[in-house]
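Asks: Quick one: structure below, then a few questions.
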Amino acid sequence: MRLKSMNELNRPPVEQSKNNPKIPVVAVLANLRSLQNVGSIFRSADAFGLKEIILCGYTGRPPHRDIHKAALGAEESVAWRAWDNPLEALEHLRSEGYTLVAVEQAEPSVSLANWSWEGHQPMALIFGNEVDGLDSSILKACDWALELPQWGCKHSLNVSVCAGILFWESARRVMHDPR
């Protein structure tokens with residue numbers, strides 16, 4: 001087997017990628033403090049074809065050198081909007097028909113192992129601050145909470161790692177849709 005070089009991987013140009021079909025998932029980043037996490041989430045959103053990223057509160061916004069460093073240009077291929085107030089962003093998404101899903105270890109929550117979403121209904125995955133998680137007012141505005149089962153003693157994943165896992169699982173469910 002011959003491995004392909006980077007130039008042989010047939011990656012679409014940015015303009016074509018912007019117009020490729022997207023999965024009906026939006027990521028909402030509420031008050032993330034790390035620009036590297038923001039960039040990494042852009043990169044994963046590009047990889048799995050998310051519709052959009054919503055940057056809220058004090059979450060950093062492109063263009064920024066540190067976001068670009070982690071995103072490797074994905075901030076150019078993934079649609080994004082910014083809202084100063086996360087609750088206003090959630091209200092707007094709800095008016096657009098999105099189910100609002102807090103990604104949080106909360107009571108009650110649904111484990112990813114029991115998640116029943118089949119990839120049809122528009123969904124917004126809301127991610128919170130790396131240390132404090134989601135503000136209680138944001139949690140209350142969500143329809144329900146989703147959490148990743150974990151077995152280690154920390155019960156904590158980096159927000160960009162968690163986002164990547166959920167983006168992959170969302171894309172997998174949409175791409176395996178029998179319709």
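Asks: If you split all Cα-Cα distances of the stretch 40-144 into 5 Å bins from zero, what percentages do you get per bin, shortest first?
Replies: Taking every Cα pair in the stretch 40-144, the percentages come to 2, 11, 21, 23, 22, 14, 6, 1.
Asks: For the chain, what is the calculated [θ] at 222 nm in deg cm²/dmol (nearest 500), taking -39500 (n - 2.57) for each run of four or more DSSP H residues and dividing by its residue count?
Replies: -10000 deg cm²/dmol
Asks: Just to be sure I understand: with springs between alpha-carbon atoms less than 10 Å apart, which residue in LYS69, LYS51, LYS154 has the highest mean-square fluctuation in the Gaussian network model of the chain?
Replies: Most flexible of the set in this elastic network: LYS154.
Asks: Would you report the distance distribution of C-alpha pairs in the stretch 115-169 as whole percents per 10 angstrom bin, up to the bin with the largest distance?
Replies: Computed distribution, short to long bins: 17, 54, 27, 2.
Asks: Provide CYS56, CYS153, CYS162 in ascending order of the number of other Cβ atoms located within 10 Å of each residue's Cβ, fewest first.
Replies: By the 10 Å Cβ count, ascending, the order reads CYS153, CYS162, CYS56.
Asks: For each of PHE167, PHE127, count neighbouring Cβ atoms within 10 Å of the residue's Cβ, then give the residues from fewest to most. Walk me through the numbers before you get to the answer.
Replies: Values: PHE167 22, PHE127 26.
Fewest to most other Cβ atoms nearby, the residues stand as PHE167, PHE127.
Asks: I would also like to ask the following. Provide the percentage of antiparallel DSSP beta bridges, counting only those with both residues in the chain; round to the nearest 5. Numbers along the way, then the final one.
Replies: Values: 1 of 25 bridges.
In the chain, approximately 5 percent of DSSP beta bridges are antiparallel ones.
Asks: To the nearest 0.05, how large is the calculated FRET efficiency for LYS18 and GLU88 if R₀ is 25 Å and r is the Cβ-Cβ distance?
Replies: The computed FRET efficiency comes out at 0.45.
Asks: What is the ratio of the Cα radius of gyration of the chain to 2.2 N^0.38 Å, where N is its residue count, to two decimals?
Replies: Normalised Cα radius of gyration, the chain: 1.02.
Asks: If you don't mind, another one. Once you have the Cα-Cα distance between ARG172 and SER137, take 0.36 nm times their residue separation minus that, and quote the gain in nm to one decimal.
Replies: Extra length available between ARG172 and SER137 comes to 9.5 nm.
Asks: Turning to a different aspect of this structure: For LEU112 and ARG81 in one chain, what is 0.36 nm times their gap in residues minus the Cα-Cα distance, to one decimal in nm?
Replies: Here the segment from LEU112 to ARG81 would lengthen by 8.5 nm.
Since every read-out is calculated from the coordinates, none of them should be taken as a lab result. Predicted model, so just to flag it, every value in this text is computed and none were measured. Backbone-built Cβ (ideal geometry, glycine too); neighbour counts: all protein chains shown.
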